[in-house]
Amino acid sequence: MVIVGEKINGTSKRVREAVLARDEEFIRELARRQAEAGAHYLDVNSGTEMGRDADDMVWLVKTVQSEVETPLCIDSPNPQALEAGLEAHQGRALVNSTTAEADRMDLVIGLARKHDARLVALTLDDQGMPSGAEERLTIAKRLAEAAVGAGMSLDDLFIDPLVRAVGIENDQGAAVLEAIGRIREALPEVHIICGLSNISFQMPLRSLLNRTFLAMAMARGLDAAIMDPLDAGLMATVCAGEVLAGRDDMCMGYLQAYRAGKLEQ
């Protein structure tokens, strides 16, 4: 399971304040804690205005990489900020993200190829955000075709079927689970990722919903998530899910986590 730590994101008021104030200590500590908790990538998103977000992204990338060796997930809706972050990044990054929209897909796929980065691709096109599994699958196939056509390996493509809040659209948990299964069957070489906490937006006991949805999604074929690695219960669910999905050889990851005291008792 590829875990992308979600915490360094300017949609959080405290993170945005730290970016604007150039508070290196706060950002470094947040990076270090997520890396130590087991994140494979750290998402970095400045969340600042279009006119300054490229500079803020460069500062974030350099600040985080001065603290940890964990590669970064460069996250911005602004292609200029994506490119600035990729140019500053040391090592192989993950780009978050492209869509299948005509004015974005080729541009962002081109950036990923130019910088030898892996890529998150959202199942969103010029018709808007899909509601059902069939639409998500159709867009996923188009994204995979475009990535391969640009010379990317499908192993470097992370399809995001766009988790939506069940508290607002009650049918969307089931729709995404169906989409994950259909994408896994049709495109077995790609990774399937989601922004996990979206499922529980504006609901009580969010961690319970996140853990339960994660386990159900892993059973359908989810193998990556943008999530909170500091949530011990969520990380324990990852370990258990890997075992039950047959993706933990001889249960070694689970047993090692147990011996290290990382599983809930």
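The values are calculated or read from the model by the stated rules, or taken from the named source; none is laboratory data. Predicted, not measured: the structure shown is a model, and the values here were computed from it. Heads up, the Cβs are rebuilt from the backbone with ideal geometry, glycines too, and the neighbour counts pull from every protein chain shown.
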Options LYS13, LYS7; residue that is free of Cβ contacts under 8 Å to residues at least 12 places away in the same chain and basic (Lys, Arg):
LYS13
Taking segment 147-200 and keeping residues surrounded by 14 or more Cβ atoms within 10 Å (Cβ to Cβ), in a loop (DSSP other than H, G, I, E, B) and either at positive phi or among the acidic types (Asp, Glu) (or both) leaves LEU162
Pick from VAL2, VAL95, VAL58: which is in contact (Cβ under 8 Å) with a residue 24 or more places away in the chain, within 30 Å of MET216 (Cβ to Cβ) and in contact with a helix residue (DSSP H, G or I) (Cβ under 9 Å, 6 or more places away or on another chain)?
VAL95
Test LEU94 against the criterion of being out of contact with any Cys (no Cβ under 8 Å at 6 or more places or on another chain) and aliphatic (A, V, I, L, M), and give yes or no.
no
Please find, among LEU143, LEU162, LEU222, the residue that is hydrophobic (A, V, I, L, M, F, W, C) and either modelled with pLDDT under 95 or in contact with a Pro (Cβ under 8 Å, 6 or more places away or on another chain) (or both).
LEU162
Going by the conditions given, is ARG118 farther than 23 Å from ARG33 by Cβ, basic (Lys, Arg), modelled with pLDDT of 95 or more and crowded, with 17+ Cβ neighbours inside 10 Å?
yes
Given GLU169, GLU242, which one is acidic (Asp, Glu), in contact with a helix residue (DSSP H, G or I) (Cβ under 8 Å, 6 or more places away or on another chain), in contact (Cβ under 8 Å) with a residue 12 or more places away in the chain and farther than 18 Å from VAL120 by Cβ?
GLU242
Kindly indicate whether any position in segment 43-51 is among the charged types (D, E, K, R), within 30 Å of ALA257 (Cα to Cα), at pLDDT 95 or above and part of a helix (DSSP H, G or I).
no
Considering ALA93, ALA100, ALA144, ALA140, which residue is of a type in the set (Gly, Ala, Ser), within 29 Å of GLU67 (Cβ to Cβ) and touching a strand residue (DSSP E or B) at 6+ places or on another chain (Cβ under 8 Å)?
ALA93
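Given ALA39, ALA35, ALA81, which one is at pLDDT 95 or above and surrounded by fewer than 21 Cβ atoms within 10 Å (Cβ to Cβ)?
Checking each option against the conditions leaves just ALA35.
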Can you confirm whether segment 25-35 contains a residue that is part of a strand (DSSP E or B) and of a type in the set (Phe, Trp, Tyr)?
no
Residue under evaluation ALA54, criteria (1) more than 18 Å from ALA18 (Cα to Cα); (2) surrounded by 15 or more Cβ atoms within 10 Å (Cβ to Cβ), criterion not met:
(1)
